[in-house]
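Notes follow the structure.
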Amino acid sequence: MGLFNMHYDRPGPGVSKDAPRKTGVARWFEIVGRDMGDFTKANLITFACFLPTLIVLFLALVWIFADPNLLIMGLGILLGSAGGILGGPAVCAMEAIMLKSLRDEPKFFWHTYKKTFKENFKKGAITGFVFSFLILMQVFGFVMYFSGTVSPWMIALLFLDVTLITMLMLFFIPQVVLMELSLKAIFTNSLRLALGFLPRSLPAALIQLALFGAQALFMPLSVPILIFIGIWIPVFTGLFLVYKPIDTVFRVEEQFSERREKEMQELEQQKASL
């Protein structure tokens, strides 16, 4: 009960409602301390949605290390990517919760999560399948390196590929959640944002890869971490680092303020008419 409902939203003494937002690490800890329960719930659901992908990946890797086989590798990539059809919408819903937290917007977890999951299911499913396919191709490429069939130059190229894919994902999924755009337009925007804000997108991608990579390195000991916090910590940290460019380009905060002001005016008009 306490973990999922810490009541950080209750009013109390010590903080003015007009106090400026914290920045940097202090802001990260402020949001995490307030909304960790919601992030953990989203982590549990996302893990469950990606569980088929993880199982397929595990079985394929065990088989390949025992007997390298291109057919098993191909099946592992295709079947694992199919798991992203459910995982993609789950990540979209998770990031919708996180975006609300970043702009300090009031939210009800289950209402926001279910609404985002349903409304973005199609785009999220396509996104989940495509990015799962791309990531799994790189994973099996690294496996081929350790089996001695890939050169060091190829492993460097694979690392560059997975870094670029991660940079694109940082901007891609927030647009799926926030914008009514075609996937082609979202991809174009994501590529421009990733390269245009490289000082933010590159560190964010490397941090995400390091956090996920550390968990992969210590499998299966890290499974409990992955279930509860191992997804939301890398995802939120990356989103936290690129949120300012997203807000600058798409005016997320400004549009939210305008919408809230409009809602308040409509409420006042309704009260006045009574």
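Which condition number does residue 254 fail, the rest of (1) farther than 18 Å from residue 139 by Cα; (2) outside any helix (DSSP H, G or I) being met?
Status for residue 254: all satisfied but (2).
Name the single residue, out of those in region 151-181 being polar (S, T, N, Q) and more than 16 Å from residue 92 (Cβ to Cβ), that is nearest to the chain's Cα centre (by Cα). Walk me through how you get there before you give the answer.
Looking only at region 151-181, we keep the residues that are polar (S, T, N, Q), and these are 151, 163, 166, 175.
With the extra rule that they be more than 16 Å from residue 92 (Cβ to Cβ), the set shrinks to 151, 163, 166.
Working: 151: 32, 163: 15, 166: 10 Å.
Per the stated criteria, the residue is 166.
For region 102-151, name all the residues that are farther than 19 Å from residue 186 by Cβ and of a type in the set (Gly, Ala, Ser).
Of everything in region 102-151, those that are farther than 19 Å from residue 186 by Cβ and of a type in the set (Gly, Ala, Ser) turn out to be 141, 147, 148, 151.
Can you pull out the residues in region 63-111 that are aromatic (Phe, Trp, Tyr) and either buried (at least 17 other Cβ atoms within 10 Å of the Cβ) or part of a helix (DSSP H, G or I) (or both)? Steps first, answer last, please.
Taking region 63-111 as the starting set, the residues that turn out to be aromatic (Phe, Trp, Tyr) are 63, 65, 108-110.
Scanning region 63-111 gives 63, 65, 109, 110.
Among the residues of region 106-114, are any among the aromatic types (Phe, Trp, Tyr) and either under 18 Å from residue 131 (Cα atoms) or touching a residue at least 60 places away in the same chain (Cβ under 8 Å) (or both)? Before you say what the answer is, go through the steps one by one.
Filtering region 106-114 for residues among the aromatic types (Phe, Trp, Tyr) gives 108-110, 113.
Right, trim to either under 18 Å from residue 131 (Cα atoms) or touching a residue at least 60 places away in the same chain (Cβ under 8 Å) (or both) and you get 109, 113.
Yes: one or more hits.
Do we find a residue being more than 17 Å from the chain's Cα centre (by Cα) and more than 23 Å from residue 35 (Cα to Cα) anywhere in region 224-240? Don't jump to the end; show me each part of the working.
We begin by selecting, within region 224-240, every residue more than 17 Å from the chain's Cα centre (by Cα); these are 224.
Those left that are additionally more than 23 Å from residue 35 (Cα to Cα): none.
No: region 224-240 contains no residue that is more than 17 Å from the chain's Cα centre (by Cα) and more than 23 Å from residue 35 (Cα to Cα).
Tally up the residues in region 62-82 that are of a type outside the set (Ser, Thr, Tyr) and either within 16 Å of residue 135 (Cβ to Cβ) or modelled with pLDDT of 90 or more (or both), please.
Final tally of qualifying residues: 9.
For region 20-62: of the residues being basic (Lys, Arg) and in a helix (DSSP H, G or I), which is nearest to residue 114 (Cα to Cα)?
41
Is it true that some residue in region 134-146 is more than 21 Å from residue 61 (Cβ to Cβ) and touching a Ser or Thr at 6+ places or on another chain (Cβ under 9 Å)?
Looking through region 134-146, none of the residues is more than 21 Å from residue 61 (Cβ to Cβ) and touching a Ser or Thr at 6+ places or on another chain (Cβ under 9 Å).
The values are calculated or read from the model by the stated rules, or taken from the named source; none is laboratory data. The shown structure was predicted, so the numbers you read here are calculated from the model rather than taken from an experiment. Positions of Cβ are generated from backbone atoms using ideal geometry, with glycine treated the same way; all protein chains shown enter the neighbour counts.
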